[in-house]
């Protein structure tokens, strides 16, 4: 592994530059937040999902009159894009007053257009700020969605079990593992979940025991909540819902105008109780 550490005081993140630049460790005040390893590349750390998130119906995207089909990588589905395994082509590291900054640039070929992605991690004493940017090499328009997939430990021995709070969210119905347009008010008592959420307030709050909180504030109202595993809960901020490319009324979330780009900005803010 090619590891790169970012730290500010008691806040530390370790990135594996040989595994798509994902975080394999995220420690705050001596507490490890992430599931740091797995034999399956989709099942550990915190990685970028791009140029699509989750599942698409029939593993395909229709663009400019053509159906593009993508190979399955998990249970018969092509999930979470290709960025998690893409080669990093450029790395910039800079010391700032309050944090350290790493920018990784990757070529995301094999999509409907040739895309370049930039990922930024910025560590402060009380928060992590992340951004993902996509642009098309040719300046053409393109469809895309991006997100983060953190595997949070469901229990931290020194703190307690992980709980979460979603205020006024809508949960989308899935049929055959694929999202539909049907949705209803999110009810936290009906889990466990593998669900797309639309959260108008654009934040979800996490709390381990009664001592450490983490507020995930996203520049988009879309999240996925996945808490079915016994050992982990995934709160995934996204730029669009899963299966957005072929769904009526969602083109404004996924089709980028010629010469434009897509950016997702997320702040992960800690609080002590």
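Eigenvalues of the Cα gyration tensor times 5, then square-rooted: what semi-axes does that give for region 64-176, in whole angstrom, largest first?
With the √(5λ) rule applied to region 64-176, the semi-axes are 29, 25, 14 Å.
Taking the chain as a Gaussian network, where each spring joins two C-alpha atoms under 10 Å apart, which residue of 230, 263, 185 fluctuates the most?
For the chain, modelled as a Gaussian network with Cα springs under 10 Å, the answer is 230.
Using just the helices of the chain, give the 222 nm mean residue ellipticity in deg cm²/dmol: DSSP H runs with n ≥ 4 each add -39,500 (n - 2.57), and the total is spread over all residues, rounded to 500.
0 deg cm²/dmol
Relative to the compact globular guide of 2.2 N^0.38 Å, what is the alpha carbon radius of gyration of region 161-264, as a ratio?
1.13
Give or take rounding to whole Å, what are the principal axis extents of the alpha carbon atoms in region 3-272, in descending order?
Cα spread of region 3-272 along its principal axes, largest to smallest: 54, 44, 34 Å.
Expressed as a whole number of Å, what is the distance separating the alpha-carbon centroids of region 35-60 and region 206-273?
With region 206-273 and region 35-60 each reduced to a Cα centre, they are spaced 14 Å.
Please sort 170-179, 46-55 by packing, taking for each peptide the average over its residues of neighbouring beta carbons within 10 angstrom, highest first.
The most tightly packed comes first, giving 46-55, 170-179.
Over all alpha-carbon pairs of region 1-124, lay out the pair-distance distribution in 5 Å bins, whole %, shortest bin first.
Percent of Cα pairs in each bin: 2, 10, 19, 20, 18, 13, 9, 6, 3, 1, 0.
Coordinate-derived values only; no laboratory data. Here the structure is a predicted model, which means the values were calculated and not measured. Positions of Cβ are generated from backbone atoms using ideal geometry, with glycine treated the same way; all protein chains shown enter the neighbour counts.
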